[in-house]
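Structure first, then comments.
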Amino acid sequence: MSLQNIAREITIDQTRHLETSIPGPKSTQRHAEREQHVTAGFGVTLPVFVEAADGGIIQDIDGNRLIDFASGIAVTSLGASNKRVAQRVAAQIEKFSHTCFMVTEYDSFTKVCKWLNEHTPGDFDKRTGLFSTGAEAVENAIKIARSATGRPNVLVFDEAYHGRSLLTMAMTAKENPYQLNFGPMPREVVRAASANPLRPVYGGSTPAEITEKSLASVRDTLATHGADTFAAMVIEPIQGEGGFIVPAPGFLTGLREIADEHGIVLVIDEIQAGLGRTGKLYASEWEGVAGDITLSAKALANGVPLSAVTGRAELMNAVHSGGLGGTYAGNPVACEAALAVFEQLDQSVLDNAAKIEQTVREVLEPLLEETNIVAQVRGRGAMLAIELADKGTLEPRPDLARSIALACHAQGVIILTCGTYGNVIRLLPPLIIGEELLRDGLQVLAGAIKDAA
Ligand code: PLZ
């Protein structure tokens, strides 16, 4: 029963508390300093400087306690100062902080790979490679798929997010801010329709029809370029930055079939949705689909940078020796953090993700009827979102998403927006957040939505 043990070890008061306005005077001063030294290329959701964080609370330098509905974008699932992670990390740094796995080896790297081979979807022989960031995992999956197939092209989808590096920003659908002024983009990246149940690009009035039409258009797109020119197709099981879009049922299964038909490597990007976020260890389990390659990052080491590419042994071993790596790839400190995550990520934590969904739906779903601006409440487990759009026309309302987010921030609740139109409010609380704190934050959010309506 990890959940209770983790909760017992939290030392920060798990209540919202406002000592000053948000951001407070100290944060405001630090933010001005930051602007003198930090590139303007980094944005910020809420210019508040953090003193400490754990459970569902972020405590700032002005003494405010904010409710954390972001988890650093789905990273600190077990709490931002999880004790077991802290202990294993500290003990490792005492012994050695780094050797580079390509220079001399350490066993924690192997152990993390073994766990991932055993726990990612797919009942086949697997191998894993460890890296540092999500974008690096995506890039390496493409390198592996190309090496194994000898083909150049990569199929990605509408609303996709895969990173900010030169290849992955091209794979990401949204142009501003991710691609703007950063071109040229590699021409081997080809985009196809996703199966967005609320806004189906290729039409369809039932989920089954949406899936059928989207899959037909995927086949067309492949045919246009020659299906046998594709090394990989890459999809998120729930699209994250694109708006927490759960694909219409059967879409992922359909992609699995198309990939098999044409010898294309199916890469499932579980970087945001994986490691328990949706109430299952991997979100693709909801559809009973296994990628040939599954990507993990974010919550994998609870905030210490670590990412992983796990896939069929024959694919992963198709790469020549020395073809994969990186100075920090699978750093020993990060591997220890991941092992601490694996020790704690048990059924009680997954069950709490499911309970979070219940509570969120109970509070937010009535707004579908009570207001004329909530178009959908969607997602799975502790990965939930509300899409703001005018009732009837479905005209996206990013203005409302922004003002609702600001109203929440002012009251000490950290929430993020997302979506192609920026009109989606998403909730990513730590998986271990307590019920009372969750309800307090949701009441603030529901109040802000009603005010905006
Ligand atoms: N794949 C599905 O969600 C990262 C991006 C934040 P990195 N998402 C948060 C931002 O604006 O930079 C993400 C993801 C999915 C890949 C990535 C990339 O992971 O660790 O940010 O490189």
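Side notes on the structure shown:
- For the stretch 86-344, dividing the convex hull volume of the Cα atoms by the residue count gives 125 Å³ per residue.
- Spherically averaged projected area of the convex hull of Cα atoms, the stretch 311-453: 12.5 nm².
- Label point of D351 set 7 angstrom out along Cα-Cβ; within the stretch 1-35, amide nitrogens under 20 Å from it belong to 1-10.
- Here the stretch 11-44 is scanned for amide nitrogen atoms under 18 Å from the site 7 Å beyond the Cα of T371 along Cα-to-Cβ, giving none.
- Only DSSP H runs of four or more residues enter the estimate; each adds -39500 (n - 2.57), and after division by the residues of the chain the mean residue ellipticity at 222 nm equals -12000 deg cm²/dmol.
- Relative to the Cα centre, the charge distribution of the chain, modelled as +1 at Lys and Arg Cβ and -1 at Asp and Glu Cβ, gives a dipole magnitude of about 580 debye.
- Quick note on the chain: its Rg to Rh ratio, both from C-alpha atoms and Rh being the Kirkwood radius, is 0.96.
- Among 202-210, 78-86, the peptide with the highest mean count of other Cβ atoms within 10 Å heads the list, and the full ranking is 78-86, 202-210.
- Put a plus charge on the Cβ of each Lys and Arg, a minus charge on the Cβ of each Asp and Glu, and nothing anywhere else: the dipole of the stretch 94-145 about its Cα centre is then about 40 debye.
- Close amide H partners of V265, meaning residues 5 or more places away or on another chain with modelled amide H under 5 Å apart, are A232, M233.
- Under the membrane-span-like helix rule (DSSP H runs whose alpha carbons stretch at least 27 Å along the helix axis, mean Kyte-Doolittle hydropathy -1.0 or higher), the chain yields 207-225.
- Within the stretch 131-203, the trypsin sites (Lys or Arg not before Pro) that combine a DSSP coil assignment with at most 11 other C-beta atoms in a 10 angstrom radius are R187.
- Alpha-carbon centroid distance for the pair the stretch 10-84 / the stretch 267-323, whole angstrom: 29 Å
- Normalising the average separation of contacting C-alpha pairs (under 8 angstrom, six or more residues apart) by the number of residues puts the relative contact order of the chain at 22 percent.
- Short-range pairs are left out: with C-alpha atoms under 8 Å and at least six residues apart, the relative contact order of the stretch 305-453 is 20 percent.
- Beta bridges assigned by DSSP with both partners in the chain are antiparallel in approximately 65 percent of cases.
- Working from Cα pairs under 8 Å separated by at least six residues, relative contact order for the stretch 317-395 is 20 percent.
- Distance-filtered residues of the stretch 188-209 - backbone nitrogen under 18 Å, label point 7 angstrom along T393 Cα→Cβ: 199
Read-outs throughout are calculated quantities, based only on the coordinates presented, and are distinct from any laboratory measurement. The structure displayed is predicted, hence computed values, not measured ones. Cβ coordinates were reconstructed from backbone atoms using ideal geometry, including for glycine residues, and neighbour counts include every protein chain displayed.
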